[in-house]
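Worksheet: the structure to be examined is printed underneath.
No lab work stands behind these numbers, since they all come straight from the coordinates. Computed from a prediction, not measured in an experiment: that's the story for all the values here. Please note: Cβ atoms are built from the backbone with ideal geometry, for glycine as well, and neighbour counts cover all protein chains shown.
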Amino acid sequence: MKLTEAQIADFKAKGWTVLGTTFALGYKSQWDTPWFIIREFYQNALDEHDVAHVSTIPFLGITSEGLVIQDQGRGLGAESLLMSEVKQTLDLRGRFGEGMKFACIAAVRMGYTPIIETPKVSIQVYSTEVVMGGKSNELLTFVYKENVRPLVGTKIVIPGYHDSLYKDRFTQFLPEPIFKTQFQLGRFNRTWAIYKSMAGEGRLYVGDIFIRTLTDSMYMYNVWGLDLNPDRISEVDNWSLRSKVGTLWAYVDTSSLAGLALTALTAEETFEGDLNFPEIKNPSLWKNAWALKYGGSSVLYTSEYSRKMAESFGYKVIGQNFPYNTRHMLKNLLTTDEQVTAKREKELSVPKIIADKDLPAESQVNLAVVRFLSEKAQGNIVTKPKIVAAAIPPDPRTGTRILGLCENVTYIYLDQSILSNLESTIGTFCHEMGHWMEPHPLDGTMEHTSNVQDYSAQIFVAHEKYFADIMRIQGKELEFAGYPKVIYKPIPGVSFSKVYPSVCYAFGLCGFSPPKERTLSTRRKRVIKEPPHEKRHHWEVVGHKWVEFYD
């Protein structure tokens, strides 16, 4: 209401003081609904109750007087309505003490005349017209009278207002939250809370007061300490908002709430799907909720490779479509496909040693021959391995059959499936010795190929030198097992007939392919890839190469 000169004179005649201000009614024009008026007046009332340690909430309602907001606090101070330096209060809802003035401007601009009653002063809010530079300006004007009244706190009345009270925009009037917790903020323990949506939309409350709608959310959140823009209609920093809401979910204290969290936080393209999380306060609740929701054999997705491997091991992989932030948080909390894959691969990669007595007789003989050759072979080997038969699992990553395995510490494992064939047994052993020897190279490297070639030559020399012993080993073992004769009989007059073809097989396994060439010596000789079986020549290893000598 705009005061006329006559009305101003009448107020003064009755002992009221008329105080003009420089606040134009056009200021804060975006405050264009009664919500902004009620928000600022009731926010001030809430702060007054906190400071005065009043346990009840301020009154907000419609009476015969109109809209009434009344608190039991200290009483409104003049600095709330005048331009003055106000210290920022970080632990209250009102941060700068400007909201009351702005609410009065909006109320008068909408045609209302707020009445403010305190124990020491009565204030009515109007506007007056001032012409400056030939232009008319409508300014906020206070009409007040000092008095002493039996009133506690502050009572604000807006006569003629009978519209919405916007109670759903204050958490004090909301249903009980599904979860709440408290954090210390300055002088007060402030309540943070999660509410189920009442109107099918998410909402953000800061300091108990509605700020904005949360798109794609089915929950309402009340947090504290979030910086807001001057009009209190949005946050300054969205990252901070998502961190504070993430903190709320991180502190849930029941398995059912953790289950709700898993549902909310794992949905794509939702507000909850893009939160920032601190450390989860109750990890066991989340693990229980995960097991109840997805099953005890379920694990968290991390990568396509790990997913395929985990599924091949019988696990149920969950979370391929989880939002990144959620999956990153859960990765530090739950068992992942990567973890179970690594564990299972380790378990499956450990061979099971088979005792000699449990092997077939022929396998026992072949294993004994390899052990004998290993002991007699020369070479730059500081520590020789223990050679054992084993059941070696296939490669858990690819399913590839593994014939031998070098532990590089104690054992060389030879799979039981190859021990029935002496060629395969010696060839696989030479291959694994290529790994055993320094610098313990990997397959496919020049170092490994060189090691295998060197060691195979030593095995050949040992075989030639101790051939009679080897034959005795075979004959003894075979005779013990009930076999009437040895496998390999020497052919009279042919040196190579005493040489096991298995040694050449070892060369083939290691990829040894000597070039075809001719060299001169006192006898003709030539290098070939495979040992022949003619009877009129014999073979020897010269410089790690098979050499044919013609008799």
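Numbers below:
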| quantity | calculated |
| --- | --- |
| Exposure proxy ranking, count of Cβ atoms within 10 Å, fewest first, for Thr302, Thr118, Thr425 | Thr302, Thr118, Thr425 |
| Longest to shortest principal axis, alpha-carbon extents of region 5-165, angstrom | 52, 35, 34 |
| Spatial separation of Cα centroids for region 338-357 and region 186-237, in angstrom | 53 |
| Net lengthening on full extension, Ile353/Ala6 (0.36 nm per residue, minus Cα-Cα) | 113.9 nm |
| Evaluated at q = 0.08, 0.09, 0.16 Å⁻¹: base-10 log I(q)/I(0), Debye formula over Cα of region 171-345 | -0.28, -0.35, -0.93 |
| Fraction of beta bridges assigned by DSSP in region 171-345 that are antiparallel (%, nearest 5) | 70 |
| Per-pair calculated FRET efficiency, R0 = 22 Å: Glu146 and Phe59 via Cβ, rounded to 0.05 | 0.35 |
| Alpha carbon Rg of region 190-241, scaled by the compact-globule rule 2.2 N^0.38 Å | 1.06 |
| Virtual spin-label span in nm between Glu345 and Glu407, 7 Å along Cα→Cβ | 2.1 |
| Two-decimal Rg/Rh across region 351-437, once Rg and the Kirkwood Rh are taken from alpha-carbon atoms | 0.95 |
| P(r) weight above 22 Å for region 268-340, C-alpha pairs, percent | 19 |
| Sequence ranges 364-376, 308-320, 436-448, ranked by mean other-Cβ count within 10 angstrom, highest first | 364-376, 308-320, 436-448 |
| Fraction of the pair-distance distribution of region 120-269 above 21 Å, Cα-Cα pairs, percent | 60 |
| Sites Ala361 and Ser450, calculated FRET efficiency, Cβ-Cβ separation with R0 45 Å, nearest 0.05 | 0.80 |
| Normalised per residue, the volume of the convex hull around the Cα set of region 412-475 (Å³) | 91 |
| Too-long pairs where the Cα-Cα distance tops 22 Å, listed order kept, from Lys101/Lys145; Lys180/Lys331; Lys244/Lys281 | Lys180/Lys331 |
| Spacing of the two label points (7 Å from each Cα toward its C-beta) at Gln30 and Ile233, in nm | 0.5 |
